[in-house]
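The values are calculated or read from the model by the stated rules, or taken from the named source; none is laboratory data. All figures in this text were calculated on a predicted structure; none of them were measured in a lab. Methodologically, a virtual Cβ is constructed for each residue, glycine included, from the backbone with ideal geometry; neighbour enumeration extends over all protein chains shown. Just the protein is used for accessible areas: all its heavy atoms, side chains included, with ligands, DNA and RNA removed. Shrake-Rupley method; radii C 1.70, N 1.55, O 1.52, S 1.80 Å.
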Amino acid sequence: MLACEDCEHSQIAYNSCRNRHCPKCQGAAARDWLAEREAELLPVGYFHLVFTLPKPIAEIAYQNKAVIYDILFKASAETVLTIAATPRHLGAKIGFTSVLHTWGSAMTHHPHIHMIVPGGGISPDGTTWIRARPNFLLSVHVLSRLFRRRFLEMLLAAHQDGRLKFFGDHAGLVDSCAFETFLAPLHESEWVVHAQPSFGGPQAVLSYLARYTHRVAISNSRIRRVENGAVTFTCKDYRRDGAARYGTMTLEVDEFIRRFLCTSCPRASTASDTTVSSPTAIAPPTSGAPVNCSAHRRLSTLTRIPSRQMSNATASGPVPVAAEVFEPGCRPKYQPSPEAIDSS
């Protein structure tokens, strides 16, 4: 429990469980990741690429997360490196940052790769910088075709090596002939690759990605109600424009938890186990009167910055102090002020 030295304002600052899938943790880690990535940016224009898996692949990816997510990273990376190195496209060695997203706004399973790519690269002999054309990096048509081929080749190899598992409606795909039949239409279908200049600058795209690198499919702030065995939360419908894009969705608790677990990373990709908060723990904080005291206005700031920056942040003015420490499962002796319940 943190308390203001100058007034009676108090706030709970939760200990971090450091679980990759906890909606209360990883805020400082995400900010550190963002700062490190921003330090790597070059003084050139950047492009934002997105590689999306077709729905049939996404369905079997749910049963084979570690294997197929790994293939998604490798196939998208090889695609960009190969096309960029081709003289008639760019003819340069490039670098990039890739981030995996596994969910949509409605917490549906939607694995895709976001990639931040500089608008140019180093010449094959390593002596000069080759700049991409203005507002154009690589042909999405060419990227899509090579991505499709490389991904399906790697997926078939994984099946032949016995690294894929199938259950339920897909149990029959364990047979090699059935699996090749399943893949046949995907060799001809369109695979979506999106590419555009980063109009807000690479920092804007990195800031967007940083909200997901150490976070989960839904934050506490998006949950509006937990009542009568159902959860109501805000979501976006990207098929619509304007105000119609934003709305709410209500799911039964079991379906809400199922969707949440669908988006979780496999053990091989995260350092901690999966946890799911109880409905009471994920209820949104209540709102209260505006905060006027300069010291307790700083409480939320101090609990959201890396510890190494704490000394600078508290150099002047009233300092929040630890008023009470309480054990897990226990309630604090003093209740926090209603407008300042920290769930970062």
Out of all the residues in segment 77-124, which are closer than 30 Å to F233 by Cβ and among the small types (G, A, S)?
S98, G104, S105, A106
Taking the residues in segment 83-111 that are assigned to a loop (DSSP other than H, G, I, E, B) and in contact with a Gly (Cβ under 8 Å, 6 or more places away or on another chain) as candidates, determine which candidate is nearest to G126 (Cα to Cα).
A92
Matching residues, segment 218-255, being of a type in the set (A, V, I, L, M) and touching a Gly at 6+ places or on another chain (Cβ under 7 Å)
V253
Subset of segment 234-248 (residues that are under 25 Å from G27 (Cβ atoms) and open to solvent by 40 Å² or more (accessible area, probe 1.4 Å)):
K236, Y246, T248
Can you find even one residue in segment 45-64 that is under 29 Å from Q160 (Cβ atoms), among the aromatic types (F, W, Y), modelled with pLDDT under 95 and crowded, with 18+ Cβ neighbours inside 10 Å?
no
Check A184, A158 and return the single one that is modelled with pLDDT of 95 or more, of a type in the set (A, V, I, L, M) and loosely packed, with under 13 Cβ neighbours inside 10 Å.
A184
If I ask for residues that are among the polar types (S, T, N, Q) and open to solvent by less than 80 Å² (accessible area, probe 1.4 Å), which ones from segment 131-151 would you list?
S139, S144
List, please: which pairs have Cβ atoms under 6 Å, are six or more places apart or on different chains, and start with a residue in segment 235-247 that is assigned to a helix (DSSP H, G or I) and end with one that is among the charged types (D, E, K, R)?
R245/K236; R245/D237
For segment 198-214, state whether one or more residues are over 30 Å from R133 (Cβ atoms), aliphatic (A, V, I, L, M) and out of contact with any Phe, Trp or Tyr (no Cβ under 6 Å at 6 or more places or on another chain).
no
Within segment 88-108, can you find the residues that are under 21 Å from R222 (Cα atoms) and buried (at least 20 other Cβ atoms within 10 Å of the Cβ)?
T102, W103, M107
Surrounded by 19 or more Cβ atoms within 10 Å (Cβ to Cβ) and modelled with pLDDT of 80 or more: does that describe V216?
no
Regarding S76, is this residue under 25 Å from the mean Cα position of the chain (by Cα), part of a loop (DSSP other than H, G, I, E, B) and of a type in the set (S, T, N, Q)?
no
Go over the candidates V205, V231 one by one and state the one that is closer than 15 Å to E36 by Cα and open to solvent by less than 40 Å² (accessible area, probe 1.4 Å).
V205
